[in-house]
Structures are given as C-alpha cells and as structure tokens.
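The values are calculated or read from the model by the stated rules, or taken from the named source; none is laboratory data. Please read these numbers as outputs of a predicted model, since none were measured by experiment. FYI the Cβ positions are ideal-geometry reconstructions off the backbone, even for glycines, and counts take in every protein chain you see. Note: areas computed on protein heavy atoms with side chains; ligands, DNA, RNA excluded. Shrake-Rupley method; radii C 1.70, N 1.55, O 1.52, S 1.80 Å.
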Amino acid sequence: MSDYTGRQLGNYQLTRLLGEGAFAQVYLGEHIYLSTQAAIKVLKTQTENYPVDLFYTEARNIARLVHPNIVRVLDFGVDSNTPFLVLDYAPNGTLRQRYVPGTVLPLSTIVSYIKQIAEALQYAHDDKLVHRDIKPENILLGRRNEVLLSDFGIALMVQTMQYQNLQDVAGTLPYMAPEQIQGQPRPASDQYSLGIIAYEWLSGRRPFQGSMTEMISQHLAVAPPSLRSIIPAITPDVEHVVMTALEKDPGQRFGSVRAFAVALEQASQFSEQGGKSVLASAPTAPIPSLKKPATPPPISLRAPASMAQSAPAGTVIGGYHGHLNTVRSLSWSPDNASIVSVSDDRLVHVWDALTGERRQIYQDIANIVHAAAWSFDGSRIATVGNDAHVRIWDFATGRLLATYRGHTGSAINALAWSPAHHIIATAASDGVVHVWDATTGQPLTIYRGHTGSVNALAWSPYEISTPYGRGYHIVSGGDDVSIQTWEAATGRGIALYRSQPARVLSVGWSPNIYSSSSRFEPATSMYNSSRVACGREDGMVEMWDTSVNREVLSYRYLSAVTTVGWSPDGRRFAYASHESAVEVWDTTTNLKLVTFSHTAPQRVLAWSPNGKYIASGGGDSEILIWVAP
Ligand code: AMP
C-alpha cells in the first residue's frame, strides 16, 4: 500500500503515519482550512469491484454511532478508488500500547475500563450493531484518558468488500467467541471478547494460546484455565463473573454486556472490601455468587454527622456513590436511618443515610426499575419498573415477599404506599392506576380517569372528609397533562385540574398543618388548607388549593421539573429540575431559601421524614444528602 504522507484526502493534509492495522493505515491529518487535527483511516482495499452504494451504507451505519466512549466518525470519502474515514484523533494511543502484553492491571483500573467499553458496546447492541473485533488494539485513549472504542463496523465493512484471508483475523482470533468463529456473531460475542480482555488484564495472559488451529479448538471446546490458579489473590466472585462472560454457549453468558460490567464491578467492590459470604438479598438474583458486603463500599461522607445539626442549609453531610447510572428514585425509611434508591443499572440499593454504608442490594436484572418506596412502618420496600410487576421486599431479611402482577403488560412508572396501611398505589403507562393490598395482593380500586401514561402519584398524608365520607385521597398526573384527585378506596373522582398543556412528571400533596395532631400553628392564612402540586415537562410548577380547587401558584423554571415535595411540616417546598439544581422555597413568604447545585441534571429529591435533610440525585449517579433549610 502506498504512503499517503504529505497527500491530501478530502479537506485533510496527512502529516504522518500514526499506525497500521490489518485493514488500514492511520494518518494524523490536519484540516486545510480549520487547522484541526483528525485521524485519517485509509482502508487497504479498493472500491473497483464493489458497489459504492453499499460502501456508503456501511459508512452511514458507523457514523450514526455517537457515544462518549466511541471514536466519532467525522467524515467519509473515496479518493481514486481508495476509501477513507475521518475520525476523532485520540492522542494517547491504544490500550495495547499503554499496557504491553503480560501486564497485570489493578482491579479498579480494569473495572473502570470494562465499564466504559461495556457502555459503548451496550449502546451499539441496543442499536443492533455488533462490533466483532474487540481487542486492546482497538481501544484508544482520549484526551482525558477516557476509553474510546474504535473500528466499529470497519471490520465488517472490509470483510464484506473482499475475501478476508486468515492472516487478517490473526489479531482478532485470541479474542473471538466460539459462535463468531463459526460465522454467527451476535452481541454476546462482544461480551466474550471483553471477557478475554478482562482475563488478560487480571492474570497477565490470555486464556488460549498457540497456533491458529489450536486457538480455534480451545475457543470451541476447552475451558479457560482458572484465574485463581495463576493469581491466587483473585477472588472467586471476580473469577466467576469473568468465566460467565467466557461461557462457550452465548446463552449462558450475562444477558447483556452491561450486566457483565455491573457484575464485575459488584464483585470487585466486595473483593476490595474483603466481604464475607452472605447470600445476596434477592432470591431471584441471577448471579448466585454476588455477596452482600460486610464493610462499607465507597461513600462520600463530606462532614461528620454531628456537624449536621449546626451546619448551614445546603451543607453536604453525606451521600452515596454506589450507583453506576442515572438515579431514578429515592425513598427514606421512616426512622430517617436508611435510603432505598434505584438507578438505570437495574439494581435497588439500600444504604445507611448517614454513613453511606450499603446494606442490601435487590437485583432485578430482568427489569429496569423505575421507582422504589418504603412502607409507612419501614418493614417493606416496593419496587416497580418495566416488566409490569410490583415486587415487595422484606427489609429485615432482604427477601422477596410477593409479586403483584395486576398491571398486565404495561410498564409501571410510579408507586406510593398509603401513609398508614400496607396498601400501594401503582401508576402505569397504559393510563391505569391500581390501588391494592400489599399483604394479600388483592386489587382494591382500579382508577381509569387518565387518558395517557400516568407518571406520578401521591397519597394525601391524612384522611379527608367529603360529603361522600372520610378517607385518603390520591393525586395523579401524566401525559394527558391533567392533575386529578380521587378517593383511594372507591376511585371516585374529586377534582380535575387542567391548565398548562405540558406532560406532568411529578406530583405532591402537602401535609395538613391544621390536623389536630399537628405541632404547627398556622403561621398565616396561606396555611389554611391543603395543596397539591405538580411539575411539568416544560418547567412549570403549579399548586392548587384542594379545598376551593383554585390555583394558588404557578411558576415556570428553565427545564423539566422532575420532582416536587413539601417538607414534612409543610413550611418548605422543594423541586428538582433537569437543569441540575434543587431549589427550596419558604411556603409562607414565597422566598427562595436554597439553590443546591449538582454537577449533572437532577431527577429526584426526597425530604427525610424528620425534615432535617434532603437527599437528591440524578444524572451523575451520585446521591448527596444535605442540610435542609
Ligand atoms: P487500526 O487500523 O484501527 O488498528 O489502527 C492502527 C493504529 O493507528 C492504531 O494502533 C493506533 O495506534 C492508530 N489509530 C487508529 N485510530 C486512531 C485515532 N482515531 N486516533 C489516533 N490514533 C489512531
């Protein structure tokens, strides 16, 4: 292949050769007008005998992958029959260059790399693309040493264009899954390759070696040598996770490449904490060797708990870093001691609110969990999600107590426990809200007042008297943009508030400070009734007085309002929005008291039952606990 140094391809002047692989030469290129740098990948194949249209189709497939851990394709072209790709320039080389063969990496570094690669692969798998050539040579390091997966689909592109000789697969073979060797690659094949990389970094050697035919027969039929026989310090948990990814039968591997990375991270945390074997809390846990840690996982306790009493509002006193993904839901135990939280990583975490120590993990890999909430007496936790089932867990033992299957086939968006009974209300995307007995699983009320997905619901914190009788009410809101209040026991509609045309994402019901048990005297006439509030997708927060059904407040923030909530005494009102802030207002003066900023968009907040703290979290997977005003 000719040397392209000094030549111009597209708008790029090729200044020097960066490297050469089986399919291509890669040059550093400089844009002739903008002076920006890029990597120009010149394929070692000609388009002469190949329909150019097919070539462009493949290029489009690669270019549509936009992910922080995938090398961006900036441009594509053909120059005198030679196809080339313009890629983001990754200045720090490949993981193969950084770690020469034989290097054993620290477990935490391995986990960090595997997680990033798995995220990139998961993104592509979700888009029905399989990489087929995962190896350290194809993993680049970006400017901040972040992992950038390269060569997506390029192997495929070259394979479809020309007969590929054995030499071309030589570099790939040590990482190639058995089914891929047999010509049937699938997403699980990438997981296998990633498993080989993990094995290599853990032990300093690849599981299968020898000639190409020897390697092929080992991939197909020989179990990888035990990792612990090479490095005895590797824990059985970590070994089990890697060996699961290396199962010969793709069906025996993890359900997804992300699940593999999650399991590896879990196993590594337990391994680093030296945890003892206590079976995972969830009886449905698909990874039998996952253990409950005996000692705390990493936490972010920023200040001693004793400081909290005197610390100014907004001071962070603790938090939790155990999630891998965007936090979706938070709920405090009634005794203020623990928090249950869920994120997009399919794990339900229960942790100590003040120390950040993890107590339990309920694992529900079959289900993306949308919300978790604690029962009024602290004995139960309910979780809901994509699979239309509601699961009730026993907090003391971590056991799954019951599964409610009443929502047939419809993802459940929200749940709320009754303030005084083991009764749960669950809202689904088919627009139906179920109120049911969490002990017997019997449905009590099915509310069909909404015409679109119901996204949020809340119970009145006390019983309300109406001409029909006395009982708890529920407020619900969703895609049909209405806010509705109704009787929990009968489903009888009480009020319908419809004003702004935007989807409702969150609702809340204020405490009744006039109830006879209240410690609080009415401060002003503003306290003379209860309120419901909602947060909308367009940034609107609205509040209504439920006794006169009148709107008492409406305010538009810059972005979607994902949670609204009163302090337990009703004197404060907080909301979380997508623009990364939580704001707390004084409900008597209507003055803003605190703006608490996270580094990433917020999704959820929860007041501690004693009203002293707020836990908030969202896009950056971090949950912080801070002093409430
Ligand atoms: P490949 O054909 O993808 O195996 O690339 C050959 C070599 O070129 C790699 O080993 C890297 O050293 C280098 N390379 C490939 N892509 C890039 C890029 N986007 N930025 C910087 N160097 C790259």
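If the chain linking N336 and Q182 were pulled fully straight, counting 0.36 nm for each residue of separation and taking away their Cα-Cα distance, it would gain 49.8 nm.
Accessible surface of E551, taken over heavy atoms with a 1.4 Å probe and every protein chain present, rounds to 70 Å². Restricting to Cα pairs below 8 Å that are 6+ residues apart, what does the relative contact order work out to for region 449-592? Please round to a whole percent. Computed value for region 449-592: 16 percent relative contact order. Per-residue accessible area (protein heavy atoms, 1.4 Å probe) orders R98, R253, R359 as R98, R359, R253, starting from the largest.
Gyration tensor analysis over the Cα atoms of region 11-148 returns equivalent ellipsoid semi-axes of 27, 18, 14 Å (largest first, whole Å). Across the protein chains, with a 1.4 Å probe defining accessible surface, the residues D394, D3 rank D3, D394 from largest area downward.
Heavy-atom surface analysis with a 1.4 Å probe gives region 95-277 a carbon and sulfur content of 51 percent of its accessible area.
Taking Lys and Arg as +1 and Asp and Glu as -1, the other residues whose beta-carbon sits under 13 Å from that of V104 total +1. Surface analysis of region 435-519 yields an accessible area of 45 Å² per residue, using protein heavy atoms and a 1.4 Å probe. Ranking V432, T82, V147 by Cα position along the charge dipole of the chain, where only Lys, Arg, Asp and Glu carry charges on their C-beta atoms, puts V432 farthest toward the positive end. Close amide H pairs (under 5 Å, H built 1.01 Å from N) link A24 with K44, residues at least 5 positions away or on another chain. Dividing the mean sequence gap of close Cα pairs (under 8 Å, 6+ apart) by how many residues region 8-87 holds gives a relative contact order of 26 percent. Computed with a 1.4 Å probe over protein heavy atoms only, the accessible surface of region 95-277 comes to 40 Å² per residue. Helix 52-63 and the longest principal axis of the Cα set of the chain meet at an angle near 50°. Principal axis extents of the Cα atoms in the chain, from largest to smallest and rounded to whole angstrom, are 87, 57, 49.
Per residue, the convex hull around the alpha carbon atoms of region 95-277 comes to 121 Å³. With a ≥ b ≥ c the root eigenvalues of the C-alpha gyration tensor of region 345-386, is it rounded (a/c under 1.5), prolate (a/b larger than b/c) or oblate? Here region 345-386 falls in the oblate category. Summing charges over all other residues whose Cβ lies under 13 Å from the Cβ of A425, with Lys and Arg as +1 and Asp and Glu as -1, gives -2. In the context of the full protein assembly, E579 retains an accessible surface of approximately 70 Å², using a probe radius of 1.4 Å and ignoring ligands and nucleic acids. Past 23 Å, Cα to Cα, is the threshold; run K41/K135; K44/K128; K135/K248 against it and keep the listed order. Over 23 Å apart, Cα to Cα: K44/K128. FRET efficiency for the pair D437 and V66, taken as 1/(1 + (r/R0)^6) with r the Cβ-Cβ distance and R0 = 51 Å, rounds to 0.60. Of the residues D335, D344, the one with the largest accessible area comes first in the ranking D335, D344, computed with a 1.4 Å probe on protein heavy atoms. Working note: Debye formula, equal point scatterers on the alpha-carbon atoms of region 8-87, no solvent; log10 I(q)/I(0) at q = 0.11, 0.15, 0.23 Å⁻¹ is -0.28, -0.53, -1.18. Using only side-chain charges placed at the Cβ, +1 for Lys and Arg and -1 for Asp and Glu, the dipole size of the chain relative to its Cα centre rounds to 840 debye. Note on the chain: helix-only mean residue ellipticity at 222 nm, from DSSP H runs of 4+ residues weighted -39500 (n - 2.57) and normalised by residue number, equals -5000 deg cm²/dmol.
First check a/c for region 449-592, with a ≥ b ≥ c the square roots of the eigenvalues of its C-alpha gyration tensor; if it is under 1.5, answer rounded, and if not, answer prolate when a/b is larger than b/c or oblate otherwise. Taking the square roots of the gyration eigenvalues as a ≥ b ≥ c, region 449-592 is oblate. Remark: relative contact order (region 95-277) = 26 percent; criterion is Cα-Cα distance under 8 angstrom and separation of 6 or more residues.
Rounded to the nearest 10 degrees, the inclination of helix 212-221 to the longest alpha-carbon principal axis of the chain is 30 degrees.
For K592, the aspartates and glutamates whose Cα comes closer than 18 Å to its Cα, not counting residues fewer than 8 places off in the same chain, are E542, D569, E579, E583.
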